[in-house]
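Input: a single structure, listed below in structure tokens.
The values are calculated or read from the model by the stated rules, or taken from the named source; none is laboratory data. In this text the structure is predicted, and so the values were computed from the model without any measurement. No Cβ is skipped: glycine too gets one built from the backbone with ideal geometry, and neighbour counts run over all protein chains shown. Just the protein is used for accessible areas: all its heavy atoms, side chains included, with ligands, DNA and RNA removed. Shrake-Rupley method; radii C 1.70, N 1.55, O 1.52, S 1.80 Å.
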Amino acid sequence: MTVQITKPVPVPGTEASVPGPAPSRLRALLPGPSAGANGAAMYRRWWLPWLWTAPAIVCAVVFGVFPFLNTVLLSFTNAKPLGGAASFVGLDNYTRMLDDSDFWLATRNSILYAVIVVPLMVLLPLMLAVLVEKNLPGIGFFRSAFYTPVLASSVVVGLSWQWLLADDGLVNTWLEKAHLIRSAIPFLSDSWLILLSAMGLTLWKGLGWYMVFYLAALGNVPKELHEAAQMDGAGAVRRFWHITIPGVRQAMMLVGTLTGIGSLRVFTEIYMLGSSTGGPGGADRTLPFYIRDVGLDPITGNAGYGSAVSVALFLLTLGLTLLAQRLTKEDES
């Protein structure tokens, strides 16, 4: 006896209720198994990574790419800070910039700031990290104390330094009482002393931040090298130069690059110590300070010229970054 099994025939009008595979186009969009994939990749679609990164991409375009392109376009116009009609002026802003003595003074101050601050910011936090690296009783207090200036606002720190460096401030008062000086040192009225004081403020505020970088890098230096060198009679200074520095060289390059970029962008320190004019007669203005003066003044400002100076600052920063990358590659090779 043969048993025949027949496929059930769906009742007319109920075909939609019978489960079946989704259309291929819909499956390409909805999460589901992918052909040839294993594990979690079976449920991953090509557009999912773009979905998660879309907010960051939008923010980068809106707050990074668009302002940069707009600045480049404005540098070829005579636009005003408060808007209004703007006309194309070609390379006139760049020609004016090359003949502007104030621009070159601001460029000199910015480069001088970087030349002095970068080497000190590379070495001083490293020495500080070496001192606080060891696990000694109470060392956590000193690490926190060295890091505290990083948490303070730049404006608050600037006001504190104003009080310290004023003619009747704490520093001059102590020096006069110690009979080390006869008259107050003009920290906040002499152009060179304002610039040097601003550099000191930058160093003091950044020591703790870059100390953390070096503490992480020092943890990767094999302690066996120090122990072997110590057994061979190498002193602390020799071990520092021949073991510690080569071991944290990459971190030093990173700190140098970040410090260089920050030095070219310095504004708050000069503003707080040299007032809104940037020192006597604007002698201590850096490039960001100069951009504010020539490009953002609502009455006499020229946003087109300020944009041209901004492009020059960008090229200067880009050149420093490329130089640091080249030095890093040469060091690796």
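Here are some notes:
- Gyration tensor (alpha-carbon) shape descriptor, the stretch 90-328, a/c threshold 1.5: oblate
- Accessible area of Lys223 in the full protein assembly, 1.4 Å probe (Å², nearest 10): 130 Å²
- Given R0 = 56 Å, the distance between the Cβ atoms of Phe66 and Asp167 translates into a calculated FRET efficiency of 0.75.
- Computed with a 1.4 Å probe over protein heavy atoms only, the accessible area of Leu196 comes to about 90 Å².
- Contact order normalised by residue count of the stretch 215-293, Cα under 8 Å, 6+ apart, percent: 22 percent
- Taken per residue, the accessible surface of the chain reaches 64 Å², heavy atoms only and a 1.4 Å probe.
- Bridging of Lys80 to aspartates and glutamates at a Cα separation below 12 Å is possible for Asp297, once same-chain residues fewer than 8 apart are set aside.
- Heavy-atom accessible area order for Leu82, Leu126, largest first, 1.4 Å probe: Leu82, Leu126
- Taking 18 Å as the straight-line reach from the Cα of Lys205, the aspartates and glutamates in range (excluding those fewer than 8 positions away in the same chain) are Glu269.
- Ordering of 171-184, 243-256, 87-100 by burial proxy (mean other Cβ atoms within 10 Å per residue, highest first): 243-256, 87-100, 171-184
- Principal-axis tilt of helix 303-332 within the chain, Cα atoms, nearest 10 degrees: 80 degrees
- Each part reduced to its alpha carbon centroid, the stretch 114-175 and the stretch 196-213 end up 6 Å apart.
- Protection proxy ranking for 206-216, 136-146, using the average of other Cβ atoms within 10 Å per residue and placing the highest first: 206-216, 136-146.
- Taking Cα centre as origin and charging only the Cβ of basic (Lys, Arg, +1) and acidic (Asp, Glu, -1) residues, the dipole magnitude of the chain rounds to 1180 debye.
- Furthest towards positive pole of dipole, Val155, Leu201, Leu123, structure part the stretch 95-222, Cβ charges: Leu123
- Per-residue surface analysis assigns Glu227 an accessible area of about 110 Å², computed on protein heavy atoms at 1.4 Å probe radius.
- Of all accessible heavy-atom area on the chain, the percent that carbon and sulfur account for (1.4 Å): 68 percent
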